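Accompanying notes for the structure given below.
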Amino acid sequence: MDFYSRPTAHAEQSDTGPPGSQPPVRMPLTWRATVSLTHCVHYCVLYLEVVRAVELEFGWDPKKASANLTKHSVSFLTAAEIFANEIMERIDDREDYGEVRFIALGRVDTDVYRVVFTWRSENLIRIISAQKASRDEREIYHRATLP
C-alpha cells in the first residue's frame, strides 16, 4: 500500500451531504513544521517553528455513522480526531465512486485508524468510513511518522 502526504489541491464539491445529514463538526487544528539547523562543534542548534492554525469542518451521514459504529466500533467523531496529528493519505482508487476519495492513516492517542473521506470544500471533510488500522497499516504509519 503506497501512502503519501497531503496533496496541495483537493477536488472541490459544493454540497455538504444528503438532506437530513448532520451539520459539519468544527475542529481547530494546528499544523506545525519544525526546521532545525545544526552548526558549530558545540552542538548549537537553531529551531524555527512555523505554526499555521487551520479550522477544519467534518460532516457525515448519520445513518452511515451509526452503521460504522456498529460494524467497526469506531465513531466518526473519533475518526475526525486523526486530523489533529500526523496523517498519511492516498487516493482511494479501488472503485469509481463518482468523487475523489482518500484513505488516511492517523492516530488518536496511541491507536491508529484508517479513515476514508472526501473533501467537500477547502475546509470541509466528509467522513465515509473509519476503522482501526490493520497490523500492516499500523506498521506503515509508525515507520513513516516515528523518528
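Carbon and sulfur together cover what percent of the accessible area of the stretch 75-147 at a 1.4 Å probe radius?
43 percent
Please list, ordered by chain and number, the residues whose modelled amide H lies under 5 Å from the amide H of Leu56; skip anything fewer than 5 residues away on the same chain.
Met27, Leu29
Which ³J(HN,Hα) values in Hz, rounded to whole numbers, follow from the phi angles of the stretch 126-135 under the Karplus curve 6.51 cos²θ - 1.76 cosθ + 1.60, where θ = phi - 60° and Gly and Pro get x?
Ordered by residue, 3J(HN,Hα) equals 9, 7, 9, 7, 8, 7, 5, 5, 6, 4 Hz.
How many nm separate the modelled label positions at Glu55 and Gln131, each set 7 Å beyond the Cα in the direction of the Cβ?
If labels sit at Glu55 and Gln131, their model points lie 3.5 nm apart.
Calculate, in nm to one decimal, what Glu95 and Thr70 gain on full extension: separation in residues at 0.36 nm each, minus their alpha carbon distance. Don't jump to the answer; show the numbers that get you there.
Values: separation 25, 0.36 × 25 = 9.00 nm, distance 2.41 nm.
Stretched fully, the Glu95-Thr70 segment lengthens by 6.6 nm.
The values are calculated or read from the model by the stated rules, or taken from the named source; none is laboratory data. Predicted model, so just to flag it, every value in this text is computed and none were measured. Glycine also receives a Cβ, built like all others from the backbone with ideal geometry; neighbour counts cover every protein chain displayed. We work out accessible area using only protein heavy atoms, side chains counted, and drop any ligands, DNA or RNA first. Shrake-Rupley method; radii C 1.70, N 1.55, O 1.52, S 1.80 Å.
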